[in-house]
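Notes for the one structure printed next.
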2 protein chains.
Amino acid sequence: MIDFRPILFIVGLLLATLAAAMTLPALADAVVGHPDWQVFAASSAFTFFIGVVLILTTRSSRRRINLRQAFVLVAACWLVIPTVGALPFTFALLGLDYTDAFFEAMSGVTTTGSTVIVGLDAAPPGILLWRALLQWLGGIGIIAMAITVLPMLQVGGMQLFRMESSDKSEKAMPRVAQVATFTGVIYLVATMLCAAFYWAAGMTGFDAVAHAMTTLATGGFSTHDGSVGHFDSALIDTIAVAFMIVGSLPFVLYLRAVRGAPGHLWRDQQVRLFITIVAISVAGMTFYLNLIGGIEAMSALRLSAFNVISVITGTGYATTDFSTWGGFAVAALFCMMFIGGCAGSTTCGLKIFRFQVLYAAAHIQLRRLLQPNGVFIPYYNNKPIEDSVLASVMAFFFLFILCWVALAVGLGLAGLDFITATSGAASAISNVGPGLGPIIGPAGHFADLPDGAKWLLSAGMLLGRLELFTILVLLMPSFWRS
Amino acid sequence: MIDFRPILFIVGLLLATLAAAMTLPALADAVVGHPDWQVFAASSAFTFFIGVVLILTTRSSRRRINLRQAFVLVAACWLVIPTVGALPFTFALLGLDYTDAFFEAMSGVTTTGSTVIVGLDAAPPGILLWRALLQWLGGIGIIAMAITVLPMLQVGGMQLFRMESSDKSEKAMPRVAQVATFTGVIYLVATMLCAAFYWAAGMTGFDAVAHAMTTLATGGFSTHDGSVGHFDSALIDTIAVAFMIVGSLPFVLYLRAVRGAPGHLWRDQQVRLFITIVAISVAGMTFYLNLIGGIEAMSALRLSAFNVISVITGTGYATTDFSTWGGFAVAALFCMMFIGGCAGSTTCGLKIFRFQVLYAAAHIQLRRLLQPNGVFIPYYNNKPIEDSVLASVMAFFFLFILCWVALAVGLGLAGLDFITATSGAASAISNVGPGLGPIIGPAGHFADLPDGAKWLLSAGMLLGRLELFTILVLLMPSFWRS
């Protein structure tokens, strides 16, 4: 039997933190005199109360948790936050039903960015700030997890990134928890920097802060129905592009850069391939928009760079309805949804390092065809890839495709048409945001979907955010057997 | 440098065989007095001439071929047949241009079943018979390859099926070539049986033979624009369903059954899972058509059984436009395109055994999460799966998805819309036949696609039919280095 007490203790701590975060939108609404401030205050008090009760009733438990408890803990945290974080959405004047509220909160904390709220331009600041905060907290949450928990749990090849702390050549590297803390500081500083740039480029202070939080988190919630397209500013587009990329690189490498070793950032294979993929995709789409779409070259570059990078990184902003760009663009953007950024960033999706591991493995298989008895060793970042990592990454890829298929078929069963179902499933599991097509594409929203589809999509977001394995392992009967 | 002479020798033999096959449609047209008989006769003579020249000029070469030559040989055979097999389509009164003719021949010999010919009902018997013959020959060709060559080449996990001949417990099993010959006889007998059933159920003798050939080959070319739906007969539907399934099971197991060990057929893991998947898919679609679509239960079962099995097995017949069945059906049928049947059958796609290997590997990864130091061994048909097979299958899955994506994006670039591009790519690479949507769906055809798309789809069919690796290995620069 699993001892839930240490799990509940940490969940309690998390709830207390969430309660503290809820005071910020309460303040924002209070400043402009919007009655929603009471909803946030009440939600905060309620959340704090639950958190304190959990902490007090379980504080005497053992602090060390075992492997099973760790899996339950991770899933519990990422389920509790949207469950509680949905409260303000339900009780605010906005009046979402709980399905919509939960969807919005899950989309927020998983940094997906799909929204069911129509009329953001007229929404009170509290709601807008709460959406941004959920994404920002979700972003730092996943970075912290990628540094501390996921490599330990050996989820989907993430053990590749465990070496950092035990690497003999890096004796000066502090302990894992300290790394996570410093990384958090970098995340905070980067967000403030981004906000300052946005503000200097013409956004209001509020818009600048809200967008900075959702840019660094590669989340994509905007304070306007028109997303970043609302501002219609090349400068703002450029800032967003720069910081979406910042949010997609491994944050530990920034830490190294700050500590005087910026070379690691440029020498990292993940970073190099990510930048290459982004450059090729943007260039290809620019040519397509220019030659086939007849859009003037500079406009094509601006549209392509912003929207392609928004999709690849899974941010989900839009400056135009890219669903209408034609067959090639839609097929290409569809594929880009799956890519994601680097491990240890705020992005989701398959992630660059997995493509590198899969490619190395596939290439070796082809070479082995010609030399069946040859010995070939796949490499990643100039180190041989262990068999266990290889098997883990390959299983991840198979399960990722399988979960996407199951989700798409489920959405079809819920009544969605082909492109809405398939792109919606991809968008959810890769935490992108908008899908493709007229309903959930960048010009649409998720409000009109049936409730069943919203719950399925919420499950898909969670599954994708926690790298599948963390959730799937809980579904095995053997997990719960003593 | 690769010695091409033994390769050209075998290609010569193949061309002579193809020339012999061309006399059959010549005969059919001569019987009804259609002038196309001259085209077939001339094509046959030309093909025979080329074949004999190749045989005579290379007969002195060494007969034993090495690994590199084997890869070139396989690709050469499957490229030469459609290249030459396209001649009658071009020069017949039908007057296809060479792109269309090559597409039709490639679609035939790979047992895909996508067609560019409109007006089959009025077409002369020679053309119809040639289409059926190409599929039938392609069917036996791939079975023979799956028994003889592919396991030796260790392509995509096919080495799993090499054990048959070296298995100590089967001393009585004859040599590989003999197995291939006996299997060919079974294929022939099954085709005759199928034709007899079709004829007894009301088809004309010609239709019965033509459809029997394309049913056993899971090819899907019909002699009518309305496909099997043209006959509107529940009995014919049932016969087709039965023989499509016969064509999807491993033919070596029939040989064992004939030799007095039918138990192998029922105990084979591939066969069991295939039947299970088919049963669940048909049942699910029947419920959907009945409950959501409002189709009366028995009609729903008939429609579902025929069309679902046609898609899963990659046959590609249709009795209705299943593209219009709604979101769930389209998404589900889309996924079914990828499944395929058993290894050693005439089907294409990912194939059942690969799902079993992938599932076993993924399940072990999940179990390993809880016991990181545990030793888990994946099994297939009660035998442990070698690491090399595991790696090969996983690389195959990754490359299959990658090729599909590349093909879909390429088709998008050629101007196709999203569903036409994605389903067309899936249909080609899995050798299914029709795609989804109004253009290439079961109610449409491939005639109106741009030439670039037809060449891309032809390449996709070849890639899928030869299990990817066989073609991809030729694209590696190291293959051609001495």
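The values are calculated or read from the model by the stated rules, or taken from the named source; none is laboratory data. Predicted model only: the values in this text are computed from it and were never measured. Here the Cβ is made from the backbone with ideal geometry for all residues, glycine too, and neighbour counts use every protein chain on show. Note: areas computed on protein heavy atoms with side chains; ligands, DNA, RNA excluded. Shrake-Rupley method; radii C 1.70, N 1.55, O 1.52, S 1.80 Å.
Observations on the structure shown:
- Buried area at the B-A interface (accessible, heavy atoms, 1.4 Å probe, summed, Å²): 4300 Å²
- Simple spin-label estimate for A:LEU27 and A:VAL53 in nanometres, 7 Å along Cα-Cβ: 2.8 nm
- Other protein chain C-beta atoms within 10 Å of residue C-beta, averaged over B:403-414: 4.
- In the full protein context, the range A:357-480 carries 33 Å² of accessible surface per residue, based on a 1.4 Å probe and ignoring ligands, DNA and RNA.
- Rounded to the nearest 20 debye, dipole of the protein assembly as shown from Cβ charges on Lys, Arg, Asp, Glu: 4320 debye
- Computed over chain B: relative contact order in percent, which uses C-alpha pairs under 8 Å that are six or more apart: 17 percent
- B:TRP266-A:LEU67 pseudo-label distance in nm [points 7 Å out on the Cα-to-Cβ vector]: 4.0 nm
- Computed over the range A:357-480, relative contact order equals 18 percent, with contacts defined as Cα pairs under 8 Å that lie 6+ residues apart.
- In Hz, Karplus ³J(HN,Hα) per residue of the range A:73-84 (6.51, -1.76, 1.60; θ = phi - 60°; x = Gly, Pro): 4, 4, 5, 4, 4, 6, 9, 5, 4, x, 4, 7
- Exercise: per-residue mean of other protein chain Cβ atoms within 10 Å, B:354-367: 5
- Label separation (A:SER478 vs A:VAL118): 4.9 nm, computed from points 7 Å beyond Cα along the C-beta direction.
- The aspartates and glutamates within cross-link reach of A:LYS351, meaning a Cα-to-Cα straight distance under 18 Å and a gap of 8 or more places when in the same chain, are A:ASP268, A:GLU467.
- Packing-based order for A:435-441, B:53-59, using average beta carbon neighbours within 10 Å, highest first: A:435-441, B:53-59
- In range of the label at B:ALA42: residues from the range B:11-26 whose backbone nitrogen is under 19 Å from the point 7 Å along Cα→Cβ: B:19-26
- For the pair B:VAL258 and B:ALA200, a Förster radius of 25 Å applied to the C-beta separation gives a FRET efficiency near 0.60, rounded to the nearest 0.05.
- Residues in the range A:140-156 that a label on A:SER388 would reach, taking backbone N under 17 Å of a point 7 Å out along Cα→Cβ: A:149-156
- For the range B:271-380, the residue among B:THR347, B:TYR359, B:GLY316 whose Cα projects farthest onto the positive side of the dipole built from Cβ charges is B:TYR359.
- Helical contribution to [θ] at 222 nm, DSSP H n ≥ 4, -39,500 (n - 2.57), averaged over chain B, rounded to 500: -21500 deg cm²/dmol
- The apolar share of the surface of the range A:1-127, taken as the fraction of accessible area on carbon and sulfur atoms (1.4 Å probe, ligands and nucleic acids excluded), comes to 71 percent.
- Inter-chain neighbour count for A:416-424: the average number of beta-carbon atoms from partner chains within 10 Å of each residue's beta-carbon is 5.
- Per-residue accessible area (protein heavy atoms, 1.4 Å probe) orders B:TYR379, A:TYR98 as B:TYR379, A:TYR98, starting from the largest.
- For the range B:357-480, a crude dipole built from +1 on the beta carbon of Lys and Arg and -1 on the beta carbon of Asp and Glu, taken about the Cα centre, is about 360 debye to the nearest 20.
- Shape of chain B, Cα gyration tensor, a/c cut at 1.5: rounded
- Dipole of the range B:357-480 [Lys/Arg +1, Asp/Glu -1 at C-beta], most positive-end residue of B:SER427, B:PRO372, B:LEU463: B:PRO372
- Overall, chain A carries a charge dipole of about 2160 debye about its Cα centre when +1 sits on the Cβ of Lys and Arg and -1 on the Cβ of Asp and Glu, all other atoms neutral.
- Cα convex hull volume per residue for the protein assembly as shown (Å³): 173 Å³
- Only protein heavy atoms count here; on that basis, with a 1.4 Å probe, A:HIS363 has an accessible area of about 70 Å².
- Farthest positive-ward along the range A:11-98 dipole, Cα basis, beta-carbon charges - from A:LEU93, A:HIS34, A:LEU13: A:LEU13
- Nearest-0.05 FRET efficiency for A:LEU235 and A:TYR379, computed from C-beta distance (R0 60 Å): 0.90
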